[in-house]
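*Asks:* My questions will all concern the structure given below.
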Amino acid sequence: MNELTPPLSPPDYASVIAAELQLTPRIVAAIIELLDEGATVPFIARYRKEATGGAEDFQISQTLERLQFHRDLFDRKTAILQSIAEQGKLTPELRRAVEATETKTELEDLYLPYRPKRRTRATIAREKGLGPLADRMWDQRDRSGTVGEIAASFVNAEKGVRDVAQALQLARDIVAERIVETAPWRAEIRRLTWNKGRVFAQAAKGKRDEKSKFSDYYDYSEPVSRIPSHRVLAILRGESEGFLSHRILPDPEEAKPLLQRQVLARDRSIWDDEIKEATQDAYDRLLSAQIATDVRAELKVSADREAIEVFATNLRELLMASPFGTRPVMAIDPGFRTGCKVVILGETGRLLEHGVVYPTEPRTDVKGTEAAFDRWFGAHPEIAAVAVGNGTGGRETFSMLRTYLKSRNSTAQAVMVNESGASIYSASETARAELPDHDVTVRGAVSIGRRLQDPLGELVKIDPKSIGVGQYQHDVDQKLLRAKLDDVVVSCVNRVGVDANTASAPLLRYVSGLGAKLAGAIVAHRDEHGPFPSRQSLKKVAGLGAKTFEQAAGFLRIQGKNPLDNSAVHPESYALVKAMAAGLGRSVSELIGDKDTVSTIDLQKFVSDTIGLYTLEDITAELVKPGRDPREEFAATDFREDVHEMADLREGMVLNGTVTNVTHFGAFVDIGVHQDGLVHVSQIANRFVQNPSDELHVGQSVRARVLEFDLGRRRISLTLKDV
């Protein structure tokens with residue numbers, strides 16, 4: 001048999017995925033069809049609810065992920081069956097076993113005996129003619145005679161088989177490899193390792209007396225089944241940095257007897273001792289290390305996925321943080337020796353003016369700083385807030401600023417802004433393109449100010465890994481991380497909507513259906529021809545065809561003659577809205593914002609084969625509040641004025657703070673001392689908390705009490721209990 005006949009038939013993906021995600025096959029089939037047609041997740045979730053039964057975007061994303069998994073699995077099955085067929089070893093039983101596998105691990109276990117491999121001890125033994133002896137040993141059917149008598153006929157000096165002992169050893173090498181390559185037995189040891197195995201970590205050679213952030217793992221053990229993702233990644237990082245070594249294994253006293261029971265035939269034979277010895281060798285030399293590698297890889301994959309999910313959740317909260325809005329602001333990138341870079345931004349984030357002041361050490365030029373502020377506020381009285389980066393010198397600058405604003409009875413609001421990643425942006429190609437005539441210090445301050453005005457619009461310009469809301473982001477699967485974070489950014493951008501006439505190319509690229517090339521084309525078109533007067537005019541952009549327009553138009557906002565262009569109503573529904581208005585004797589403009597009139601529309605009159613209540617309800621909600629921003633109202637955290645550094649802390653002190661990162665083991669909170677404090681999961685509430693993200697989110701304002709702090713190790717422990 002050297003070809004795959006008949007060809008493998010793909011499974012009913014809709015039914016399989018529906019069972020996994022607890023959705024109906026009809027809905028999953030509709031999602032798959034739309035995805036295969038090139039529709040994006042945001043577009044399907046918002047504008048194809050009739051087809052999907054109102055499926056949420058996360059359900060559509062999960063469907064896409066599972067579809068890719070099952071298609072990849074099918075492709076791998078096809079390739080494996082073809083490979084085995086070409087070797088002439090594909091039996092009907094093996095084919096059925098391959099077709100029935102549900103995981104890649106099961107599939108690779110079945111393929112292991114047929115996988116091309118380097119020369120092994122078993123390969124060498126076969127080359128010396130010991131295959132038939134190994135087969136006899138493996139069959140365990142001989143009840144009489146001795147193994148020595150049988151093995152004697154395989155002694156062959158020309159082939160390098162000196163004596164009976166060597167012949168038996170070579171045969172055992174073949175049997176050991178067959179044991180390792182028997183999928184059910186391999187699965188049993190893997191299952192035992194998952195259920196009863198342990199992860200052992202210890203200090204690397206010469207590191208036991210060296211203090212490090214990995215000291216807690218210098219003599220550490222935890223069950224494989226219970227070790228959390230963050231500890232897996234911590235141990236692996238400790239190993240990569242040379243501080244730790246680790247191993248994974250079940251209890252060998254349990255694993256070896258289990259394997260031996262699997263291998264030994266029920267009826268005793270003359271080969272029992274040889275089989276026992278081969279089994280011992282198979283476990284010690286091959287299987288234990290291979291299974292440890294498998295389990296380690298699966299632990300890493302699982303830990304990566306959990307860490308990426310935490311990162312994605314934090315990123316979503318950060319991107320959806322409350323915007324200060326389209327109001328002029330001043331922004332300060334604080335510093336000591338080099339001074340504080342100050343910029344004035346217009347309501348759309350345009351740079352109006354910039355300068356440098358030195359309010360902190362070593363100059364402490366408070367009077368000069370106040371004079372500069374007087375000049376800037378005099379020239380720009382419309383400044384509504386001052387954003388101060390929370391980096392080095394931030395708290396000192398913020399304190400001086402608040403004193404100044406109070407002394408001038410200013411209504412401008414002082415706000416601390418997380419500046420993580422601002423330096424990355426300031427040196428990027430994007431920053432150079434946006435601010436070509438200014439250096440990195442000015443660009444960094446501009447980024448801080450724009451983050452206050454519109455966090456989403458500014459943060460999309462920065463690699464999410466540099467924003468500071470993840471853990472071990474450089475240790476996890478980078479391809480998976482990039483895909484997940486891109487999905488989050490796409491979801492957030494399309495949920496909020498984008499002004500086609502003001503948005504930057506980095507923001508536009510995340511709009512449904514666009515991408516970087518079309519985003520650049522949109523910016524180039526409006527630079528050459530001026531603002532877009534309508535959504536329809538977007539079709540004049542080079543490369544923006546009908547399919548792309550369908551995917552993108554509903555998420556792009558344009559303030560033009562047609563008020564629907566500045567809403568989430570899709571152009572494909574404009575005629576429907578016009579009919580709604582006409583039925584009430586109103587124009588579309590008169591209908592928008594008139595909640596009482598909109599509520600009188602009889603939606604059932606407009607239901608058709610293609611438009612159902614999902615779409616109609618979305619349209620009427622949008623007519624009441626067109627272009628509504630789903631983000632919460634802006635509110636700044638007010639830090640204590642007498643606490644600037646860790647040395648100012650006292651146990652029991654209660655402080656205002658902002659959650660900066662949420663992990664599986666707790667949350668980090670900025671309390672204004674240049675070092676985030678940790679609220680352990682056990683300190684979040686006066687009840688058991690399974691998942692910190694159920695209680696806290698990035699950007700949330702909290703009040704926390706200091707439990708303890710360590711100036712030397714720069715660690716702060718906080719509690720939210722009874723505060």
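None of the figures in this text is laboratory data; all of them are computed from the coordinates on show. If you're wondering where the values come from, they're calculated on a predicted model, not measured in any experiment. In this analysis, Cβ positions are derived from the backbone assuming ideal geometry, glycine residues included, and neighbour counts consider all displayed protein chains.
*Asks:* Could you give each residue of the stretch 619-630 its phi-based ³J(HN,Hα) in whole Hz, using Karplus coefficients 6.51, -1.76, 1.60 with θ = phi - 60°, and x for Gly or Pro?
*Replies:* 5, 5, 5, 6, 5, 5, 10, x, x, 4, 8, x
*Asks:* Now for a different question. Calculate the all-directions average of the projected area of the stretch 524-624's alpha-carbon convex hull, and give it in nm².
*Replies:* 6.8 nm²
*Asks:* Between LYS479 and ARG208, what FRET efficiency comes out of the Förster formula 1/(1 + (r/R0)^6) with R0 = 35 Å and r the beta carbon distance, rounded to 0.05?
*Replies:* 0.45
*Asks:* So what is the calculated 222 nm ellipticity per residue for the chain, using -39500 (n - 2.57) for each DSSP H run with n of 4 or more, over all residues, to the nearest 500 deg cm²/dmol?
*Replies:* -14000 deg cm²/dmol
*Asks:* Another question, if that's okay. If I take every Cα pair under 8 Å that is 6 or more residues apart in the stretch 572-723, average their sequence separation and divide by the length, what percent do I get for the relative contact order?
*Replies:* This gives 17 percent for the stretch 572-723.
*Asks:* Please state, rounded to one decimal and in Å, the Kirkwood hydrodynamic radius that the stretch 13-114 gives when every pair of distinct Cα atoms enters the mean of 1/r.
*Replies:* That comes to 15.1 Å for the stretch 13-114.
*Asks:* What are the semi-axes of the equivalent ellipsoid for the stretch 329-453, taken as the square roots of 5 times the Cα gyration tensor eigenvalues, largest first, in whole Å?
*Replies:* Equivalent-ellipsoid dimensions as semi-axes: 21, 16, 13 Å.
*Asks:* Let me ask you something else. Answer rounded, prolate or oblate for the stretch 605-662, using the Cα gyration tensor with square roots of eigenvalues a ≥ b ≥ c: rounded when a/c is under 1.5, else prolate when a/b is larger than b/c, else oblate.
*Replies:* Here the stretch 605-662 falls in the prolate category.
*Asks:* Mind listing which trypsin sites (Lys or Arg not before Pro) in the stretch 663-716 are in a DSSP loop and have 16 or fewer other Cβ atoms within 10 Å?
*Replies:* ARG687, ARG713, ARG714
*Asks:* Related question: Compute the long axis of helix 440-453 from its Cα atoms, compare it with the longest principal axis of the Cα atoms of the chain, and write down the angle in degrees, 0 to 90, nearest 10.
*Replies:* 80 degrees
*Asks:* Oh, and also: Output the antiparallel fraction of DSSP beta bridges having both residues in the chain, as a percent to the nearest 5.
*Replies:* So the antiparallel bridges in the chain amount to around 75 percent.
*Asks:* Please give me the summed charge of the neighbours of THR364: other residues whose Cβ is under 13 Å from its Cβ, Lys and Arg +1, Asp and Glu -1.
*Replies:* Its environment carries a net charge of -1.
*Asks:* If I fit a long axis through the Cα atoms of helix 394-407 and take the longest principal axis of the Cα atoms of the chain, what angle between them do I get, 0 to 90°, rounded to 10?
*Replies:* 20 degrees
*Asks:* Consider all pairwise Cα distances in the stretch 336-377 and report the whole-number % of them above 13 Å.
*Replies:* Across the stretch 336-377, Cα pairs with separations above 13 Å total 54 percent.
*Asks:* State log₁₀ I(q)/I(0) for the stretch 646-719 at q = 0.16, 0.20, 0.24 Å⁻¹ as given by the Debye formula over alpha-carbon point scatterers of equal weight, solvent excluded.
*Replies:* Ignoring solvent entirely, the Cα scatterers give -0.49, -0.76, -1.08.
*Asks:* OK, next. Please say if the stretch 121-311 is rounded, prolate or oblate, where rounded means a/c under 1.5 for a ≥ b ≥ c the square roots of the C-alpha gyration tensor eigenvalues, and otherwise the choice is prolate for a/b larger than b/c and oblate otherwise?
*Replies:* prolate
*Asks:* A further question on this structure: Specify the angular offset, from 0 to 90 degrees and rounded to the nearest 10, of the alpha carbon long axis of helix 288-319 from the longest principal axis of the alpha carbons in the chain.
*Replies:* On a 0 to 90 degree scale, this one is about 10.
*Asks:* Please give the peptides 85-98, 180-193 ranked by average Cβ packing (other Cβ atoms within 10 Å per residue), highest first, as a rough proxy for protection.
*Replies:* Ranked from most to least packed, the peptides come out as 180-193, 85-98.
*Asks:* Give me the base-10 log of I(q)/I(0) for the chain at each q in 0.08, 0.09 Å⁻¹, Debye formula, one uniform scatterer per Cα, rounded to two decimals.
*Replies:* -0.85, -1.00
*Asks:* Taking the simple approach of a point 7 Å from Cα along Cα-to-Cβ for both ARG261 and ARG650, what is their distance in nm?
*Replies:* It works out to 6.5 nm between the two label points.
*Asks:* Can you pull out the trypsin sites (Lys or Arg not before Pro) in the stretch 270-359 whose DSSP state is coil and whose Cβ has at most 14 other Cβ atoms within 10 Å?
*Replies:* Sparse-neighbourhood loop trypsin sites (Lys or Arg not before Pro): ARG337, ARG350.
*Asks:* Related question: For the pair SER534 and LYS89, what calculated FRET efficiency results from E = 1/(1 + (r/R0)^6), where r is the Cβ-Cβ distance and R0 = 51 Å, to the nearest 0.05?
*Replies:* That pair, LYS89 with SER534, gives E of 0.20.
*Asks:* Would you please name the GluC sites (Glu not before Pro) within the stretch 564-668 that are DSSP coil residues with at most 11 other C-beta atoms within 10 Å of their C-beta?
*Replies:* Filter output for the stretch 564-668: GLU632, GLU633, GLU651.
*Asks:* Let me ask another. Taking LYS205 as the anchor, which lysines have their alpha carbon closer than 21 Å to its alpha carbon, excluding any fewer than eight residues away along the same chain?
*Replies:* Within the straight-line cut-off, LYS205 pairs with LYS213.
*Asks:* Let a ≥ b ≥ c be the square roots of the eigenvalues of the Cα gyration tensor of the stretch 493-548; is it rounded (a/c under 1.5), or, if not, prolate (a/b larger than b/c) or oblate?
*Replies:* Rounded, because the longest to shortest axis ratio a/c is under 1.5.
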